[in-house]
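For reference, the structure discussed in these notes is given below.
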Amino acid sequence: LNVHQRVLFQRRYIRRLYRLRDQKDTCTCCYHTLQCIIQTGSIVTPALLSIQYFWPETPSTNPIFWSTWGVSLGVGLLTNYMKIFKLDQEYYVLKTAYMKLKSEGWQFLNRTGKYSKRDEEGLPVMHSALFSEFCGTVEKIVAALKQAEIELSQNNDNGGRMPNLSVGTSPARTARRS
(Lines give C-alpha, C1' and ligand atoms only; values in the text may rest on other atoms or scores of the structure.)
Protein backbone atom coordinates (compact mmCIF):
# COMPACT_ATOMS: atom_id res chain seq x y z
CA LEU A 1 0.00 0.00 0.00
CA ASN A 2 1.18 3.50 -0.67
CA VAL A 3 1.27 6.14 2.09
CA HIS A 4 -2.15 7.58 1.20
CA GLN A 5 -3.76 4.13 1.26
CA ARG A 6 -2.14 3.29 4.61
CA VAL A 7 -3.50 6.48 6.13
CA LEU A 8 -6.96 5.71 4.75
CA PHE A 9 -6.72 2.14 6.03
CA GLN A 10 -5.87 3.30 9.54
CA ARG A 11 -8.26 6.24 9.69
CA ARG A 12 -11.26 4.68 7.99
CA TYR A 13 -11.03 0.96 8.64
CA ILE A 14 -9.03 0.49 11.84
CA ARG A 15 -10.71 3.34 13.75
CA ARG A 16 -14.15 2.28 12.57
CA LEU A 17 -13.41 -1.32 13.57
CA TYR A 18 -12.28 -0.23 17.06
CA ARG A 19 -15.32 2.03 17.52
CA LEU A 20 -17.64 -0.76 16.44
CA ARG A 21 -15.85 -3.23 18.73
CA ASP A 22 -16.30 -0.88 21.71
CA GLN A 23 -19.95 -0.32 20.86
CA LYS A 24 -20.48 -4.07 20.46
CA ASP A 25 -18.71 -4.82 23.75
CA THR A 26 -20.87 -2.32 25.66
CA CYS A 27 -24.05 -3.71 24.13
CA THR A 28 -22.87 -7.29 24.76
CA CYS A 29 -22.21 -6.55 28.42
CA CYS A 30 -25.65 -4.98 28.90
CA TYR A 31 -27.42 -7.72 26.94
CA HIS A 32 -25.76 -10.62 28.76
CA THR A 33 -26.15 -9.00 32.17
CA LEU A 34 -29.86 -8.43 31.66
CA GLN A 35 -30.31 -11.92 30.20
CA CYS A 36 -28.61 -13.45 33.26
CA ILE A 37 -30.83 -11.47 35.62
CA ILE A 38 -33.97 -12.39 33.67
CA GLN A 39 -33.07 -16.08 33.45
CA THR A 40 -32.10 -16.28 37.13
CA GLY A 41 -35.30 -14.52 38.16
CA SER A 42 -37.37 -16.81 35.95
CA ILE A 43 -35.86 -19.85 37.67
CA VAL A 44 -36.01 -18.43 41.20
CA THR A 45 -39.68 -17.37 41.02
CA PRO A 46 -41.20 -20.90 40.86
CA ALA A 47 -38.75 -22.08 43.51
CA LEU A 48 -39.85 -19.32 45.86
CA LEU A 49 -43.50 -19.99 45.10
CA SER A 50 -43.08 -23.64 46.05
CA ILE A 51 -41.61 -22.88 49.50
CA GLN A 52 -43.68 -19.85 50.52
CA TYR A 53 -46.30 -22.03 52.24
CA PHE A 54 -43.82 -23.31 54.83
CA TRP A 55 -44.30 -20.06 56.74
CA PRO A 56 -47.54 -20.05 58.70
CA GLU A 57 -47.93 -16.29 58.32
CA THR A 58 -50.55 -14.60 56.18
CA PRO A 59 -49.50 -13.66 52.63
CA SER A 60 -49.29 -9.99 53.53
CA THR A 61 -46.57 -10.62 56.15
CA ASN A 62 -44.81 -13.55 54.47
CA PRO A 63 -41.33 -12.43 53.30
CA ILE A 64 -41.17 -15.15 50.64
CA PHE A 65 -44.45 -13.91 49.13
CA TRP A 66 -43.10 -10.38 48.79
CA SER A 67 -39.72 -11.62 47.55
CA THR A 68 -41.49 -13.62 44.85
CA TRP A 69 -43.61 -10.62 43.93
CA GLY A 70 -40.51 -8.41 43.65
CA VAL A 71 -38.57 -10.92 41.56
CA SER A 72 -41.55 -11.42 39.23
CA LEU A 73 -42.00 -7.68 38.84
CA GLY A 74 -38.28 -7.20 38.15
CA VAL A 75 -38.18 -9.97 35.54
CA GLY A 76 -41.26 -8.57 33.82
CA LEU A 77 -39.88 -5.04 33.75
CA LEU A 78 -36.46 -6.09 32.46
CA THR A 79 -38.01 -8.26 29.75
CA ASN A 80 -40.19 -5.37 28.60
CA TYR A 81 -37.31 -2.88 28.68
CA MET A 82 -35.25 -5.21 26.49
CA LYS A 83 -38.14 -5.37 24.03
CA ILE A 84 -38.82 -1.63 24.08
CA PHE A 85 -35.17 -0.70 23.51
CA LYS A 86 -34.65 -3.67 21.13
CA LEU A 87 -31.43 -4.53 22.94
CA ASP A 88 -31.42 -8.09 21.68
CA GLN A 89 -31.72 -6.99 18.05
CA GLU A 90 -29.07 -4.30 18.52
CA TYR A 91 -26.74 -6.90 20.03
CA TYR A 92 -27.11 -9.22 17.03
CA VAL A 93 -26.79 -6.39 14.48
CA LEU A 94 -23.62 -4.99 16.09
CA LYS A 95 -22.07 -8.41 16.51
CA THR A 96 -22.81 -9.36 12.88
CA ALA A 97 -21.47 -6.07 11.49
CA TYR A 98 -18.32 -6.31 13.60
CA MET A 99 -17.63 -9.87 12.49
CA LYS A 100 -18.20 -8.94 8.82
CA LEU A 101 -15.86 -5.95 9.08
CA LYS A 102 -13.20 -7.97 10.86
CA SER A 103 -13.47 -10.83 8.38
CA GLU A 104 -13.23 -8.44 5.44
CA GLY A 105 -10.05 -6.94 6.88
CA TRP A 106 -8.44 -10.33 7.41
CA GLN A 107 -9.37 -11.45 3.92
CA PHE A 108 -7.83 -8.29 2.48
CA LEU A 109 -4.64 -8.48 4.55
CA ASN A 110 -4.12 -12.16 3.79
CA ARG A 111 -5.35 -11.87 0.19
CA THR A 112 -7.84 -14.69 0.58
CA GLY A 113 -11.42 -15.08 -0.57
CA LYS A 114 -12.33 -12.46 -3.13
CA TYR A 115 -8.92 -10.81 -2.67
CA SER A 116 -6.94 -13.87 -3.82
CA LYS A 117 -6.67 -12.60 -7.39
CA ARG A 118 -3.66 -13.25 -9.60
CA ASP A 119 -2.21 -11.27 -12.49
CA GLU A 120 -1.42 -12.55 -16.00
CA GLU A 121 1.85 -14.12 -14.80
CA GLY A 122 0.15 -16.01 -11.98
CA LEU A 123 1.54 -13.78 -9.23
CA PRO A 124 -0.73 -12.49 -6.46
CA VAL A 125 -2.18 -9.03 -7.11
CA MET A 126 -0.70 -6.39 -4.80
CA HIS A 127 -2.73 -4.94 -1.94
CA SER A 128 -2.68 -1.51 -3.55
CA ALA A 129 -4.57 -2.84 -6.58
CA LEU A 130 -7.22 -4.45 -4.34
CA PHE A 131 -7.58 -1.46 -2.02
CA SER A 132 -10.47 0.27 -3.79
CA GLU A 133 -12.47 -2.97 -3.83
CA PHE A 134 -11.76 -3.41 -0.11
CA CYS A 135 -12.84 0.16 0.68
CA GLY A 136 -16.02 -0.29 -1.32
CA THR A 137 -16.93 -3.44 0.56
CA VAL A 138 -16.18 -1.83 3.93
CA GLU A 139 -18.39 1.14 3.05
CA LYS A 140 -21.21 -1.22 2.02
CA ILE A 141 -20.95 -3.00 5.39
CA VAL A 142 -21.03 0.34 7.23
CA ALA A 143 -23.99 1.55 5.12
CA ALA A 144 -25.87 -1.68 5.90
CA LEU A 145 -25.11 -1.19 9.60
CA LYS A 146 -26.40 2.40 9.51
CA GLN A 147 -29.56 1.26 7.72
CA ALA A 148 -30.09 -1.46 10.35
CA GLU A 149 -29.58 1.10 13.13
CA ILE A 150 -32.18 3.36 11.51
CA GLU A 151 -34.63 0.46 11.33
CA LEU A 152 -33.98 -0.32 15.01
CA SER A 153 -34.45 3.28 16.09
CA GLN A 154 -37.87 3.56 14.49
CA ASN A 155 -40.60 3.24 17.07
CA ASN A 156 -42.86 0.98 15.03
CA ASP A 157 -42.75 -2.73 15.79
CA ASN A 158 -41.26 -4.71 12.93
CA GLY A 159 -42.99 -7.91 13.95
CA GLY A 160 -39.87 -9.37 15.56
CA ARG A 161 -37.96 -9.38 12.25
CA MET A 162 -34.27 -8.62 12.38
CA PRO A 163 -33.08 -5.65 10.33
CA ASN A 164 -31.43 -6.59 7.03
CA LEU A 165 -27.63 -6.46 7.34
CA SER A 166 -26.73 -8.12 4.08
CA VAL A 167 -24.08 -6.41 2.01
CA GLY A 168 -24.72 -5.66 -1.62
CA THR A 169 -28.50 -5.34 -1.54
CA SER A 170 -30.05 -2.17 -2.78
CA PRO A 171 -32.86 -0.42 -0.88
CA ALA A 172 -35.24 -1.24 -3.76
CA ARG A 173 -34.39 -4.94 -3.52
CA THR A 174 -34.83 -4.84 0.26
CA ALA A 175 -38.21 -3.08 -0.11
CA ARG A 176 -39.45 -5.74 -2.55
CA ARG A 177 -38.65 -8.47 -0.02
CA SER A 178 -40.79 -6.87 2.69
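Hey, which of the helices (runs of 4 or more DSSP H) in the range 1-100, taking only ones fully inside, have at least 3 residues that are at pLDDT 95 or above, within 17 Å of the chain's Cα centre (by Cα) and under 29 Å from E139 (Cα atoms)? Let's see the steps before the verdict.
Details: elements: 3-8, 15-51, 63-84.
Of the helices (runs of 4 or more DSSP H) lying wholly inside the range 1-100, those with at least 3 residues that are at pLDDT 95 or above, within 17 Å of the chain's Cα centre (by Cα) and under 29 Å from E139 (Cα atoms) span 15-51.
Is there any pair with a first residue in the range 61-85 that is touching a residue at least 24 places away in the same chain (Cβ under 8 Å) and a second that is of a type outside the set (F, W, Y) and not in a helix (DSSP H, G or I) whose Cβ atoms are under 8 Å apart and which are 6 or more apart or on different chains, and what are they?
Filtered contacts from the range 61-85: no entries.
Do we find that I38 is among the aliphatic types (A, V, I, L, M) and open to solvent by 40 Å² or more (accessible area, probe 1.4 Å) in this structure?
Working: among the aliphatic types (A, V, I, L, M): yes; open to solvent by 40 Å² or more (accessible area, probe 1.4 Å): no.
When the stated conditions are applied, I38 does not pass them.
Return yes when T68 is more than 30 Å from Q39 (Cα to Cα) and of a type in the set (S, T, N, Q) and no when it is not.
no
Given the options T68, T96, T112, T79, name the one that is of a type in the set (S, T, N, Q) and surrounded by fewer than 13 Cβ atoms within 10 Å (Cβ to Cβ).
Sole residue among the options that is of a type in the set (S, T, N, Q) and surrounded by fewer than 13 Cβ atoms within 10 Å (Cβ to Cβ): T112.
The values are calculated or read from the model by the stated rules, or taken from the named source; none is laboratory data. Just so we're clear, the structure is a prediction, and the values are computed from it rather than from any experiment. Quick reminder, even Gly has a Cβ in these numbers, built from the backbone with ideal geometry, and neighbours come from all protein chains shown. SASA here: full protein model, heavy atoms, side chains in, ligands and nucleic acids out. Shrake-Rupley method; radii C 1.70, N 1.55, O 1.52, S 1.80 Å.
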